[in-house]
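Here it is, the structure in full.
The values are calculated or read from the model by the stated rules, or taken from the named source; none is laboratory data. The structure displayed is predicted, hence computed values, not measured ones. Note that each Cβ is placed from the backbone with ideal geometry, even for glycine, and that neighbours are counted across all protein chains shown. Side chains are part of the model used for accessible areas, which takes the heavy atoms of the whole protein and leaves out ligands, DNA and RNA. Shrake-Rupley method; radii C 1.70, N 1.55, O 1.52, S 1.80 Å.
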Amino acid sequence: MQPSLQQRIRITWVVTLVVVALVSLFAAERFNRFENKLDEGDVIADLLRDSLEMRRHEKRYYVDGNPEDLQLAAAYATASLERLVSASAIIASHARGNEAQDFEEALRRYIEGLAQLGSGTGSQTNAEAVRLAGSEVSSLAKIWVQRERDALHATMRASRWQLAMVLLLAAGLLLLTFWWLARQVLLPLNRMVNRLAPITTGRYTRLQPRNDAIELQTLAQAINHMLEHIEQRERKRAHTERLMALGVLVSGVAHELNNPLGNIASSLDLYDEQLGRPPEQRDELRMQRYLRQAREETDRAHRIVRLLLDHARDRAGERLDCVSTDLRKVIDAALHWSRAQCRDSEIQVTCAGDLFVCVAREPFQQALVNLLVNADQSAGRGARIIVHAERRTMPQWNTDERYSVGPLLQQERVRPDGRPRSVIAVQVSDNGPGVKPVDMPHLFEPFYRAQTRLDTEGSGLGLYLVAQIMEVHGGAVSVENGQDGGAVFTLWLPENADG
């Protein structure tokens, strides 16, 4: 059974603590040895100091003849002799051959000679013997001090290299330990991440837990359980979306076919009226025109069905054939298409100059028809509808008074050169009750109907299809209330759609 991640981390911590403890113990032992060397150096230095002090007082006695100098010289010599005896082991580590014994004998001769000089029985020969004995003592002390310093430097160099090697070994061991820990943790996680990569493409591949840590096996089981639920929900969502798409398609076909079917019925009624007259009173040209209009509306119904099918399959954007078109002609064609359902409305059209736009003509005309029919149904009988087209600077899209949807909202309102960006706006306004702010964010959702509408026949798909058509054009559609009341819907086309 593989150890858990917690156990592996504990192992790493234990190894780290052991390594740190061993390095600390080694460093402490090195420092302790160095401290002992310093203590030994102090003993040897004290011997040298005592020898130098006794020689100094000895020389002063020869100059001044003061007996106190002899006493002080004897005191320093006696102290050196006692130090030699008490620290014999330390001195033996620095002395070579019989140097320690020679040092002791020279000290004793020195002390005896000082005693004879102090009693007045000493001679010139005795004074010379004292000087020789003192010189021998100080020379040996200097030699030992030098040896002690050399040994101290050698110990420092050895300790420095040993400590460096130990630190390098400890660092290598720690790096190896953390590499092992990282491999034990990150390698299974990387394998898990690689096995999860197909999820981004919609393939819910189950994880197969290997001989990993307990935590990773538990995590893999939890992810598999989550993937199972996600897959089930995706299947349900896909099924629901297919049903919704079918409902939108069927409702959209029914909604959009109202206009051409109404026009076909009107044309056939007029044709039937002519047909009911005596042959000599019939207007053959009108009858041909009525049949031609019925045929045109039938073709239009076919195109609407095809457009809705393309949209339902998410391919409407691929099939758009945009061409540069006179915007006024597009608006006039939309008025012609909507005449059957807007018979009681007064429609006024204005264009600010000659405007050419790059659009797929029939879908864009259908968007205008939907707005005209929506204005007619919202305002009720005797509606006054104004269609106005112009070039504008790009507006503030979503404010307290205006709500907008469409990819055009993602463009910057200012060009890179600092100039404001312009757009083509086609505005359809009516004199109806307007739109409540609470309804605005939902008007372009399928099957949504505002509470302020005066009719009860709308399906709630017209504005949704308008938004979809503007989306595939890279434009936008917005809704707001006019200053004098009524709703104002605006189709926005990007400036690169300007012919």
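Simple spin-label model, 7 Å along Cα-to-Cβ: residue 49 to residue 86 in nm?
1.3 nm
Another question about this same structure. Can you spot the lysines whose alpha carbon is less than 29 Å from residue 142's alpha carbon? Ignore those fewer than 8 places along the same chain.
Leaving aside lysines fewer than 8 places away in the same chain, those within reach of residue 142 are 37, 59.
Mind listing the phi-derived Karplus ³J(HN,Hα) values for segment 126-136, rounded to whole Hz, using 6.51, -1.76 and 1.60 with θ = phi - 60°, and x for any glycine or proline?
Along segment 126-136, the couplings run 5, 5, 5, 5, 5, 5, 5, 5, x, 5, 5 Hz.
Further question: Cα centroid distance between segment 125-184 and segment 36-50, in Å?
What the calculation gives is 15 Å, centre to centre.
Another one. For residue 286 and residue 381, calculate 0.36 nm times their separation in residues minus their Cα-Cα distance, and state this gained length in nm to one decimal.
Taking residue 286 through residue 381 to full extension adds about 31.3 nm, to one decimal.
Here's a follow-up. If you count only protein heavy atoms with a 1.4 Å probe, what accessible area per residue comes out for segment 125-176, rounded to a whole Å²?
Value for segment 125-176: 60 Å² per residue.
Can you give me the accessible area per residue for segment 42-104, using a 1.4 Å probe, in Å²?
For segment 42-104, the per-residue accessible area is 54 Å².
Per-residue HN-Hα couplings for segment 355-368, Karplus 6.51 cos²θ - 1.76 cosθ + 1.60 at θ = phi - 60°, whole Hz, x for Gly and Pro?
These are the phi-based 3J(HN,Hα) values: 10, 10, 10, 9, 9, 7, 4, 5, x, 5, 4, 5, 4, 5 Hz.
Here's another thing I want to ask about it. Simple spin-label model, 7 Å along Cα-to-Cβ: residue 390 to residue 358 in nm?
A separation of 2.5 nm, rounded to one decimal place.
Let me ask something additional. Across segment 424-436, in residue order, what do the Karplus-derived ³J(HN,Hα) couplings come to in whole Hz, using 6.51 cos²θ - 1.76 cosθ + 1.60 with θ = phi - 60° and x for Gly and Pro?
Karplus values, whole Hz, x for Gly and Pro: 9, 10, 10, 9, 10, 10, 9, 10, x, x, x, 10, 6.
At residue 93 and residue 11, where each label point lies 7 Å from the Cα along Cα→Cβ, what is the point-to-point distance in nanometres?
Computed distance between label sites residue 93 and residue 11 equals 4.3 nm.
Multiply the residue gap between residue 59 and residue 229 by 0.36 nm, knock off their C-alpha separation, and tell me the result in nm, one decimal place.
Extending this stretch completely gives an extra 50.7 nm.
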